[in-house]
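First up is the structure itself, then whatever we jot down about it.
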Number of protein chains: 4
Amino acid sequence: MHAEAEGRDVAWERRTEIPLFYLSLVFLAGYAVRVLAHAHSLWRDIAAITVVLTWLCFIVDYVVRLVLSRQRPLRFVRRHWLDTVIVILPTLRALRMVKVHDAVMAKRRDRPHRSLYPRVITYAGLSSLLLGFSGSLGLFDSERRDPHSPIQTFGDSLWCVVQTLTTVGYGDVAPVTVSGRLIATALMMFGLGLLGAVTGSFSSWLIQIFRRDDEEEPPGDAPSPGAPH
Amino acid sequence: MHAEAEGRDVAWERRTEIPLFYLSLVFLAGYAVRVLAHAHSLWRDIAAITVVLTWLCFIVDYVVRLVLSRQRPLRFVRRHWLDTVIVILPTLRALRMVKVHDAVMAKRRDRPHRSLYPRVITYAGLSSLLLGFSGSLGLFDSERRDPHSPIQTFGDSLWCVVQTLTTVGYGDVAPVTVSGRLIATALMMFGLGLLGAVTGSFSSWLIQIFRRDDEEEPPGDAPSPGAPH
Amino acid sequence: MHAEAEGRDVAWERRTEIPLFYLSLVFLAGYAVRVLAHAHSLWRDIAAITVVLTWLCFIVDYVVRLVLSRQRPLRFVRRHWLDTVIVILPTLRALRMVKVHDAVMAKRRDRPHRSLYPRVITYAGLSSLLLGFSGSLGLFDSERRDPHSPIQTFGDSLWCVVQTLTTVGYGDVAPVTVSGRLIATALMMFGLGLLGAVTGSFSSWLIQIFRRDDEEEPPGDAPSPGAPH
Amino acid sequence: MHAEAEGRDVAWERRTEIPLFYLSLVFLAGYAVRVLAHAHSLWRDIAAITVVLTWLCFIVDYVVRLVLSRQRPLRFVRRHWLDTVIVILPTLRALRMVKVHDAVMAKRRDRPHRSLYPRVITYAGLSSLLLGFSGSLGLFDSERRDPHSPIQTFGDSLWCVVQTLTTVGYGDVAPVTVSGRLIATALMMFGLGLLGAVTGSFSSWLIQIFRRDDEEEPPGDAPSPGAPH
């Protein structure tokens, strides 16, 4: 009986994976229009309704999975904490994009583990783009209400996010509101991880080349180190 | 006789480990209340007394261990320099939290070395939270006395600490007093180490995956690279 | 027939490699003179013509290779995306310098793979110098037209670029125009990669030393860790 | 005859190593007094003479080695470029401290390669302290002459150097003179390398632990990950 319940749970996830991914893109587009459109336009109202409706879908999905899992709520929340975060911040769901991208790419190649470094770089790049765009929208939405904030246009917000993700931090435009600073803090942490991903890829790639060099001693054709050219 | 003295030394450490850990949390809470409470409240006085009393306990513990070790003071100080630092800055003692957390976690799992990367990340996260909170308190305490400082609320202090630990450093709020700058310097160094921990974990994890791929050549089910999703 | 076409394509590339490399240096020099010379000098006009002429050469080269490849244009653009970027931003072509440098160095040594770490450091250094200089020129060109920009001399622009590439980012001079911020963003991303290259080299070098130590157990003459001295 | 000349060269280096190291400390102390003492004090004059005299010693040493090596000057300069840099910036000679420290430490331990990570950390720490102190002196000396500079005390200069070495870069105090910015640029590059050293050590240490875990499969006593506690 427990196995059957699990089966229905897994089946639900398998079927809703792709629709919910597209729904998350709709959510992101709706949020973008709501933030960037003029104050009293019709588009803004449509976008607001879209955001609320898609959010409701995510909540319904979460509740259905909670019921289907037949676990106690607290246990479910703890084991699926990432899903819980995604329900509260649905923009993060679009990060599943990397999973979909991976699935599409896996069909094309027969030896997927060869492409580990490009894949890590692709993940890092796609996640940065997505988080950077979502973060810019949220930051702009928080900061423009404060007249003392240096972030008054979406361009300023994008510029602030780029500085934050690369941990450069000029500070010519920095958030002043509490919600803006929370968003920037989240982006800083992601930036730290991004730095770790780039550095780690480079490091393990160099080690890989070196080990191969040690094994194939004949010095005729050393592998090119693939410098940026 | 020396062995017996060492035995008493070790026994003392084993028995005081847990009480002193909780005492360090009391110290931290007392310090937080003393810094954050209103100037003339009763809570503030109680907190000040708590801080002094717990600090005295740490000093007594240090002296007892110095006596039990039967070593010359200078030698003891040099060999136990970390304990000496902790006596001077008792807020660091709460970092033993990670040891306690480790001990608790070790009981649950049978193959602890599998969880090296999560453990490093957990350590880094807990240490960052603890050091960040303590540092914010100290920074706020130092800076609010200076009317020219941009750090006038605890929120500003937290924001400055977050910028420092992630090495972003916008600089919209930066310490101006000597003690504030010393605290920020300590946090910068910890931030450098934090960056190293995140990067190092990522790097060794990628190498681990790659080596496993090289050994299990059959390309059927390549291990998922565990991208953020 | 397809093989013959490819042959002509490869032959063209082989013959134009060195001339186009020198042409890219001429382009860079011309651009530098155009940006740095006084407003109404003759040099500036000559430089502008040089820039346009060399740029035309790059475009002609691109079109010739597109025709010789006998591929559909879209497919060619996608497969040679790096060349496409270089046609739009010809200053990047000078980065082929590292390839030329590599070819020259390869002739001198018989075991090139021994010099992996110096080579990575050399690549990183040369690329940083070249990108930093080109970026400073572009940044200066963008920013000096805006009277509110803090970047008013070429020295300010260089200083801003150095801060960006090392991800320090004081922010005393930061770009305010859209094109200046785009250039800074590109430099930030390169800076992130540069950090990864330095860290990765150091990391894999340490691992290399450690492994050698493990294999040659006799502790007589441990390899010097090569500290900066 | 060439071998004999080399022999005299090596003998000269071996004999002058320790005296020149102490002389470099005298140089650094003299430079510190010259920069930090009051404008018209006697100490300042004595310090200036000390600086000049020790600098002369370094130049004489360089010339003697150039003559003893019986090489053409240009070839000597290129092969000993580090020594050439040290003659121009004698404060860097004190970095040989790490070599002396290494030699002293090597006598105490019988298996030096065990201590690779502590040694790298010690090198990084000593070099940071030395370069940070020298850099602060130079920065202060350059900046205080400019009335528009935010660096007016030695404390400001130290604070700026700490921000730079850790790549945090608040930018509340940033150099404005050309020589100050050159010093800061050098410190930024060293900071980049420092980050690489810390990260690389952490990374290779994690890999080391992981490999040992893989080899000693019995899961009884997993090695402690040595978290900061």
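For the range C:85-90, putting each phi into the Karplus relation 6.51 cos²θ - 1.76 cosθ + 1.60 with θ = phi - 60° gives couplings of 4, 5, 5, 6, 10, x Hz, in residue order, rounded to whole numbers and with x for Gly and Pro.
Here residue A:60 yields copy-to-copy label distances, from shortest upward, of 6.4, 6.4, 9.1 nm, the label point defined as 7 Å from Cα along Cα to C-beta. With a 10 Å cut-off around each Cβ of D:172-179, the average count of Cβ atoms from other chains is 4. Pulled fully out, how much extra length does the chain show between residue A:29 and residue A:189, if you take 0.36 nm times their separation in residues and subtract their Cα-Cα distance? Result: 55.1 nm gained on full extension.
First measure r as the distance between the Cβ atoms of residue D:178 and residue A:178, then evaluate 1/(1 + (r/R0)^6) with R0 = 30 Å and state the FRET efficiency to the nearest 0.05. Provide the component values of the computation, followed by the final result.
Working: r = 41 Å, r/R0 = 1.37.
The value I calculate is 0.15.
Between copies, residue D:40 shows label-point distances of 5.2, 5.2, 7.4 nm, shortest first, with the point placed 7 angstrom from Cα along Cα to C-beta.
Expressed in Å, the radius of gyration and Dmax of the Cα atoms of the range C:127-204 are 12.8, 47. Per residue of A:156-165, other chain Cβ atoms within 10 Å of the residue Cβ number 4 on average. Between residue C:67 and residue A:70, what is the FRET efficiency for a Förster distance of 56 Å, r being their Cβ-Cβ separation, to the nearest 0.05? The calculated FRET efficiency here is 0.30. With contacts defined as alpha carbon pairs under 8 Å and 6 or more residues apart, what's the relative contact order of the range C:1-92 in percent? RCO, the range C:1-92: 33 percent.
Modelled spin-label separation between residue D:152 and residue A:85, with each label point placed 7 Å from Cα along the Cα-to-Cβ direction: 4.7 nm. Across peptide B:25-32, the mean count of Cβ atoms from other chains lying within 10 Å of each residue's own Cβ comes to 0. With its label point put 7 Å out from Cα toward Cβ, residue D:21 sits 4.3, 4.4, 6.1 nm from the same residue's point in the other copies, in order from shortest. Put a dot 7 Å past the Cα of residue B:53, heading toward its Cβ, do the same for residue D:13, and the two dots end up 6.6 nm apart. What the Cβ-Cβ distance of residue B:77 and residue B:41 gives, at R0 = 56 Å and to the nearest 0.05, is a FRET efficiency of 0.90.
No value in this document is a laboratory result; all are computed from the given coordinates. Because the structure is a prediction, the values reported are computed rather than measured. Every residue, glycine as well, gets a Cβ built from its backbone with ideal geometry; the counts of neighbours run over all protein chains shown.
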